[in-house]
Amino acid sequence: MKKRGVSLLLTAAMLAGTLAGCGSSKETTETSAATTAAATTAAAAETTAAGGGAAAAPVASVYPLSAGDQLQYWCELTSTVSSNYANLGETSFGKGWMERTGVDIQFLHPPAGQLKEQFSLILADGNLPDLMEYNWVTDYPGGPEKAIKDGVILPLNDIIDKYCPNLKAYLKENPDIDRMIKTDDGNYYSFPFIRGDAKLLNTIGLMLRADWLVDLGLEVPETMDDWHTVLTAFKEKKGAVAPYTFEYTNGQYLTSDPFAYAYGTNRSFYIGSDGKVHFGATEDGYKQFLTTMAQWYSEGLIDPDIATLKSDQVSAKMTNGVSGASMGQAGSRMGTWTAAAQASNPSYKLVAAPPPTLKKGEKAEFGQIENPYSGRASVAITTSCKDIERAAKLMDYAYGEEGHMYFNFGIEGESYTMVDGYPTYTDLIMKNPDGLPISQAMSGYIRGNYNGPFVQDARYLEQYYTLYEQKETPEVWGDSNGKAHLLPPITPTSDESKEFSTIMNEINTYRDEMTLKFMFGTESLDKFDDYVKNINNMGLDRALEIQNAALERYNSR
Amino acid sequence: MKLSYQIKKDWKRNRSLYFIMIPVLIFYILFHYKPMYGAIIAFKEYSPALGVTGSPWVGFANFTRFFKSVYFIRLIRNTILLSVYNLILGFPAPIILALLLNEVRNKKFKSITQTVTYLPHFISLIVVTGMLTDFSMTTGLFNDVITMFGGKSSPLLQDPKLYRSIYVLSSIWQEVGWGSIIYLSALAGVDSQLYEAAQIDGAGKWKQLIHVTLPAIAPVIVIMFILKMGSLMNMGYEKTILLYNPSTYETADIISSYIYRIGLLEQDWSYSTAIGLFNSAINFGLLLFTNRMSKRYSETSLW
């Protein structure tokens with residue numbers, strides 16, 4: 001009894017426990033000190049070597065490379081792979097990649113959903129895999145420059161110059177991308193995942209029941225008033241209890257809410273017409289957006305249970321007629337729902353709606369769009385890597401012509417064939433004999449359908465979308481000037497990043513809470529000014545200052 | 001002199017017992033004492049790349065940051081209120097159930113009731129909260145019942161006023177049967193002669209309960225109470241993060257769920273360790289306080 005009582009004291013400091021439990025810290029510091037030293041000498045050696053070669057262009061690597069050590073490659077195993085394989089090395093993609101490059105790779109994966117936790121544990125342990133696929137921009141506290149300074153990853157400038165002719169050529173042709181994947185200090189740090197076509201950037205948008213619209217004699221809504229009419233008709237004439245619903249608990253959807261965009265704002269940071277960074281959730285547009293949402297909510301046009309909805313509940317509502325309009329991706333939402341609902345209701349059809357506006361005929365100023373480079377799934381070479389040349393050449397493969405085709409389409413004659421110069425997936429992918437859905441069949445052969453260190457090809461998407469309504473989504477959803485307002489992947493300096501995240505944590509919690517209260521009507525919109533004042537008191541000005549400075553540094557890269 | 005002699009004697013006599021104790025001792029050292037060392041990152045600016053010893057000291061900066069946070073008061077209030085409700089309503093519930101079951105004479109009914117009340121304890125928390133979420137929706141079971149009695153259906157889990165009731169009542173439902181086991185075993189140990197004596201003295205059922213049963217199981221109740229007090233502020237984050245949403249933060253957000261959001265999701269380890277340490281310190285204080293009170297008034301205590 002006594003022992004139990006005392007142990008209560010600190011068992012609750014559970015975080016401290018887990019962190020300390022994973023290896024004696026003395027070792028950790030020693031190794032990290034050693035690796036930093038190694039990194040510095042390595043970097044110095046690189047510089048002299050590169051200096052000697054002066055302007056000499058990197059020599060194209062000959063694949064497969066000659067035999068050498070095995071490399072460790074750490075990455076998340078995406079769900080479409082993990083449903084059939086336990087390791088990327090077991091997939092046809094993984095095997096072929098090793099065979100083609102001649103590099104023996106040991107793939108290491110964190111348990112599903114524990115990417116960040118495992119990353120921290122590996123770092124604390126100090127014994128890093130050679131290559132790590134991670135979002136170094138958003139998920140390393142302090143950003144990529146800090147990761148270099150901490151001695152975790154290597155700056156790649158000289159390495160790319162020497163060993164990576166493919167990536168170098170790509171970056172030379174695409175100066176926009178080149179700017180995105182550097183730090184403010186001009187350091188390259190990763191082999192990036194790049195969406196190589198404008199079509200791949202508009203991934204989320206509004207969709208609604210086309211068959212209901214036809215029944216009701218209504219057009220696809222363009223303005224907010226149209227939407228009000230359509231949703232009301234869905235409710236009154238089609239018996240939809242919750243006409244508009246979406247997966248509210250998924251943050252990705254919240255940040256790209258098309259109805260907020262209609263009022264020239266969003267809930268987070270964007271670039272205003274003055275070229276400065278703005279915070280949408282405290283502006284007038286946001287108040288108007290909330291006013292409309294509160295009205296819709298009180299009229300029963302928005303799902304009353306919206307705040308607790310998860311994806312399976314939304315799917316159920318969208319397929320069984322409880323809801324008629326939603327927001328989501330063309331593949332995992334529109335395609336899946338259509339296929340599921342048509343089994344029992346052949347006339348079921350969804351159609352994409354353009355970003356809504358306030359006046360008819362106006363082109364939307366704001367709309368959902370992604371950066372070609374978001375930081376996600378980008379591979380850095382760690383300071384523990386012994387054979388840097390080999391690692392660099394392995395990664396450079398994907399950015400060349402052959403590697404590009406391999407990462408996006410797989411093996412010619414097996415997963416794709418060239419039809420009139422167009423790489424066409426075979427029936428092995430499109431009508432898998434084992435009955436796998438397209439996304440899972442693809443994941444066995446390529447990385448083109450999710451992410452990774454390569455340039456994604458739009459021709460994958462053109463085939464992945466099988467329905468006409470899906471194929472038109474990039475154009476319909478992309479019909480806005482959203483790109484001008486999109487924040488590029490900027491990073492606060494490592495000193496400011498802690499302060500920035502402290503401020504934004506508090507503000508975001510408050511914003512999320514109040515947004516729902518305003519919408520539900522539990523808090524009157526007369527209080528909006530108080531809400532803005534409270535957010536300002538939490539240090540919004542300072543956060544904007546940090547963001548604007550980061551944007552300036554980005555623009556002068 | 002005397003002490004060393006005693007130790008020697010004790011060692012000789014109980015050697016095998018000491019050997020049996022070794023694994024337990026190792027367990028506590030490895031999993032409960034060694035981790036305490038990691039708590040020092042509460043006073044540091046921890047970076048995994050630099051390690052625990054390599055990270056720079058920052059003194060009490062992480063603690064002051066928490067005390068100055070706009071959510072500090074709210075988090076403390078929510079944690080305490082939720083715990084106190086859990087204690088006031090949740091602590092007596094298994095005792096009452098045990099006393100009631102003790103009076104039941106029909107063996108079959110008794111064992112069925114016991115099994116039925118134990119069962120929810122074995123349902124995974126994820127499933128329980130999933131059920132609660134579904135039942136609380138406007139089209140869910142709870143609302144069906146409400147409308148059956150003429151009420152109006154509403155999204156229950158989006159109402160901050162109802163959150164605590166849902167949380168506490170569901171906890172009681174899940175744990176009441178399991179919690180009653182220890183009291184039932186205590187009740188089984190009460191000497192039946194005492195009841196006979198009480199009956200002869202003319203005590204009815206109620207008097208027997210007050211003067212025989214309760215005093216007999218009082219030590220168990222007190223020990224359980226002290227243990228509960230020691231973990232009063234120690235509300236787990238799992239149930240909270242599965243049940244809450246931004247619209248109920250006002251009453252739902254507690255210290256541990258805040259630690260989860262900031263520490264694990266935002267990777268702010270030092271800050272969350274500082275909050276955790278602060279939380280543990282309060283718990284320890286509460287434990288000491290209750291223990292002393294109990295010693296003074298009931299002569300039962302942990303040490």
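Structure above, values below:
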item: Most fluctuating residue given options B:Gly90, B:Gly179, B:Gly189, as computed from a GNM of chain B linking Cα atoms under 10 Å; result: B:Gly189
item: Sequence-distant residues sharing a close amide H with A:Gln72 (under 5 Å, placed H); result: A:Gln106, A:Asp130, A:Leu131
item: For segment A:386-464 and segment A:192-223, distance of Cα centres in Å; result: 26 Å
item: Cα-based reach from A:Lys349 at 21 Å (exclusive), listing lysines while leaving out same-chain residues under 8 positions away; result: A:Lys235, A:Lys237, A:Lys238, A:Lys317, A:Lys471
item: Shielding by partners - mean other protein chain Cβ count within 10 Å, residues of A:286-292; result: 0
item: Sum of side-chain charges, B:Lys8 neighbourhood, beta-carbon under 13 Å (Lys, Arg +1; Asp, Glu -1); result: +4
item: Dipole of segment B:65-298, positive direction: furthest Cα of B:Ile259, B:Tyr244, B:Ile126, with charges on the beta-carbon; result: B:Ile259
item: Mean ellipticity per residue at 222 nm, deg cm²/dmol - from DSSP H runs of n ≥ 4 across the protein assembly as shown, formula -39500 (n - 2.57); result: -16500 deg cm²/dmol
item: Apportionment of accessible area to carbon and sulfur, the protein assembly as shown, percent (1.4 Å); result: 59 percent
item: Residue mean of other protein chain beta carbons inside 10 Å, A:309-317; result: 1
item: Cα centroid separation - segment A:475-537 against segment B:256-299, whole Å; result: 32 Å
item: Residue-level accessible surface for B:Lys108, protein heavy atoms, 1.4 Å, Å²; result: 150 Å²
item: Choice from B:Leu89, B:Leu214, B:Leu265 with maximal GNM fluctuation in chain B (Cα, 10 Å cutoff); result: B:Leu265
item: Under-5 Å amide H pairs with A:Ile153, H placed in peptide plane, nonlocal only; result: A:Ile148, A:Thr383
item: Label-point gap, in nm, between A:Lys310 and A:Ala86 - each point 7 angstrom along Cα→Cβ; result: 2.6 nm
item: Simple Cβ-charge dipole of the protein assembly as shown, Lys/Arg +1 and Asp/Glu -1, about Cα centre, in debye nearest 20; result: 4520 debye
item: Most mobile listed residue (B:Phe63, B:Phe109, B:Phe289) in chain B, GNM with C-alpha springs under 10 Å; result: B:Phe109
item: Spin-label pair B:Glu250/A:Ala339, simplified geometry with 7 Å Cα→Cβ offset, distance in nm; result: 4.3 nm
item: Anisotropy class of the protein assembly as shown from Cα gyration tensor, a/c 1.5 cut; result: oblate
item: Cα centroid of segment B:97-116 to Cα centroid of segment A:282-342, whole Å; result: 48 Å
item: Averaged over B:29-38, number of beta-carbon atoms from partner chains that fall within 10 Å; result: 6
item: Label-point separation in nm, A:Glu117 to B:Glu45, each point 7 Å along Cα→Cβ; result: 2.8 nm
item: Entries in A:Lys276/A:Lys498; A:Lys287/A:Lys498; A:Lys95/A:Lys149; A:Lys172/A:Lys386; A:Lys149/A:Lys393; A:Lys95/A:Lys431 that, when Cα-Cα distance is taken, lie over 26 Å; result: A:Lys287/A:Lys498; A:Lys95/A:Lys149; A:Lys172/A:Lys386
item: Net charge of Cβ neighbours under 12 Å - reference B:Tyr18; Lys, Arg +1; Asp, Glu -1; result: +2
item: Heavy atoms of B:Ser192: accessible area, 1.4 Å probe, square angstrom to 10; result: 70 Å²
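The values are calculated or read from the model by the stated rules, or taken from the named source; none is laboratory data. As the structure is a computational prediction, the values presented were derived from the model and not from experiment. Please note: Cβ atoms are built from the backbone with ideal geometry, for glycine as well, and neighbour counts cover all protein chains shown. Side chains are part of the model used for accessible areas, which takes the heavy atoms of the whole protein and leaves out ligands, DNA and RNA. Shrake-Rupley method; radii C 1.70, N 1.55, O 1.52, S 1.80 Å.
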